[in-house]
Amino acid sequence: MPPDTPEADTQVVKTLLALRAVVGDASPARVVAAVRQTRHVATARLAAGPGAVVLDVDGIAARTLVQCVLEPGLSRVLEDLLDFAGAELHVHRVPGLGGRTFADLRAACVDACVVGLVRPDGSPLLNPPPQTALGPDDAVVVLAEDETPPTWTATTATPLPPPAAATAVDTRAAPRRVVVLGWNRRGPEIVDGLARNGWEAVREKTLPAPDPAHHVLVLGGPDDHPDPDEHTLVTLLRLRAGEREPGPRSPTVAELTDAQHRPLAPAGAHTDLVVGGRLVGLLMAQVSQTVELAAAFDELFSPAGNAVRLRPATDYVPAGTEAPFATLVEAAGRQGATALGYRPGDSPVPLLNPSKTGTRRWSHEDTLIVVTTTAGPFQPQEGPARAADTPVFP
């Protein structure tokens with residue numbers, strides 16, 4: 001990944017041109033590159049040629065920050081989806097499953113969570129309608145512990161408790177405000193993304209009064225600063241000092257550019273730390289391993305469309321229900337969502353692809369991690385990052 005300097009993206013483009021001149025467009029070699037600034041993405045795609053993947057570091061950081069403001073606590077889930085410890089996304093072509101519906105596949109997968117399909121042209125179909133049939137050349141996207149093909153069984157109906165009383169509140173009509181502390185070149189895209197999702201972003205130079213109805217977004221310092229994280233660390237320290245005073249707490253999302261600064265960040269219980277560089281590095285590794293996942297991550301890491309979201313478990317089963325995770329998978333599916341795991345109410349650690357058999361008592365404090373459609377129409381400024389006809393993460 002290039003350093004954050006004006007010359008870095010130019011060097012990436014030159015390297016891509018040189019590599020393409022050597023290996024040609026027909027080479028089976030898999031090329032994955034990243035550029036820092038969104039305005040250089042189109043040039044890098046042209047230089048890379050067909051079949052290459054070009055990641056937009058600024059675009060990924062901006063979209064992730066927007067998504068984490070919309071869903072407090074999401075940053076840990078997104079990192080867990082990308083790192084190679086525990087469950088991660090895999091693509092499998094499984095003989096004998098052709099013609100089965102997505103609902104069947106979801107219920108029949110014993111040791112993995114079925115997330116979607118990949119069509120023959122490489123386009124993903126995440127969280128499709130339950131009746132969507134698997135075509136003969138389609139692949140299945142699953143969340144699993146390793147690359148071992150999942151275990152499939154004959155579909156059996158999962159018993160469901162009575163429907164849960166709706167607890168989700170439509171907040172689109174309610175005023176949602178985020179106070180932005182700090183500014184850099186990603187700021188305009190972040191503010192635009194929040195506005196498209198019905199949020200008002202207000203830039204402040206001083207710390208806001210605590211208000212749980214408002215969120216706080218801390219951006220790194222100016223792009224020409226030798227250490228952009230200095231502003232973030234100092235601001236978090238001042239926010240943390242304010243938490244010692246009695247009163248409500250504002251959910252906070254903070255941007256870091258260097259993963260080595262994360263242990264130094266004075267983050268409180270209501271603070272999400274987003275390290276854009278680490279996310280991009282993990283994405284590069286995942287896409288290098290399975291290029292078909294590029295377009296799937298494009299969709300999952302977006303604030304709109306089929307995105308990763310956090311929902312109260314009691315949106316799907318009544319509080320106090322004793323049931324296995326498989327019951328939540330089926331209940332979420334009947335409401336148009338695909339369950340990936342859950343976060344217990346007494347822990348900040350998400351559990352992705354948990355066992356589907358062991359039962360637990362579900363409470364209002366438990367959070368279900370799902371892929372589902374969202375209301376906001378936010379899209380990246382330059383659209384999907386595509387090199388020729390190959391879908392890639394923007």
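Descriptive notes on the structure:
- Matching entry among Ala213, Ala259, Ala254, Ala209 (being without any contact (Cβ under 8 Å) to a residue 24 or more places away in the chain and either touching a Phe, Trp or Tyr at 6+ places or on another chain (Cβ under 9 Å) or under 22 Å from Glu71 (Cβ atoms) (or both)): Ala259
- Checking Arg309, Arg278 one by one, the residue that is farther than 21 Å from Asp146 by Cβ, modelled with pLDDT under 95, assigned to a strand (DSSP E or B) and not hydrophobic (A, V, I, L, M, F, W, C) is Arg309 and no other.
- Summed over the range 191-213, residues that are in contact with a Pro (Cβ under 7 Å, 6 or more places away or on another chain) and buried (at least 17 other Cβ atoms within 10 Å of the Cβ) total 2.
- Val140 meets the conditions (1) modelled with pLDDT of 75 or more; (2) under 30 Å from Phe325 (Cβ atoms); (3) in a loop (DSSP other than H, G, I, E, B) in every case but one. The failed one is (3).
- Taken together, Leu55, Leu97, Leu65, Leu125 contain a single residue that is in contact (Cβ under 8 Å) with a residue 24 or more places away in the chain and part of a strand (DSSP E or B), which is Leu55.
- Candidates are the residues of the range 143-172 that are among the hydroxyl-bearing types (Ser, Thr, Tyr) and modelled with pLDDT of 85 or more; the one that is nearest to the chain's Cα centre (by Cα) is Thr148.
- Lone qualifier among Arg39, Arg45, Arg76 - being in a helix (DSSP H, G or I) and surrounded by 20 or more Cβ atoms within 10 Å (Cβ to Cβ): Arg45
- Boolean, Ala323 is assigned to a strand (DSSP E or B) and not charged (D, E, K, R): yes
- If the condition is being surrounded by 15 or more Cβ atoms within 10 Å (Cβ to Cβ) and within 13 Å of Asn306 (Cβ to Cβ), then the range 100-131 contributes Phe102, Val115, Gly116, Leu117, Pro124, Leu125, Leu126, Asn127, Pro128.
The values are calculated or read from the model by the stated rules, or taken from the named source; none is laboratory data. As the structure is a prediction and not an experimental result, all values here were calculated from the model. Quick reminder, even Gly has a Cβ in these numbers, built from the backbone with ideal geometry, and neighbours come from all protein chains shown.
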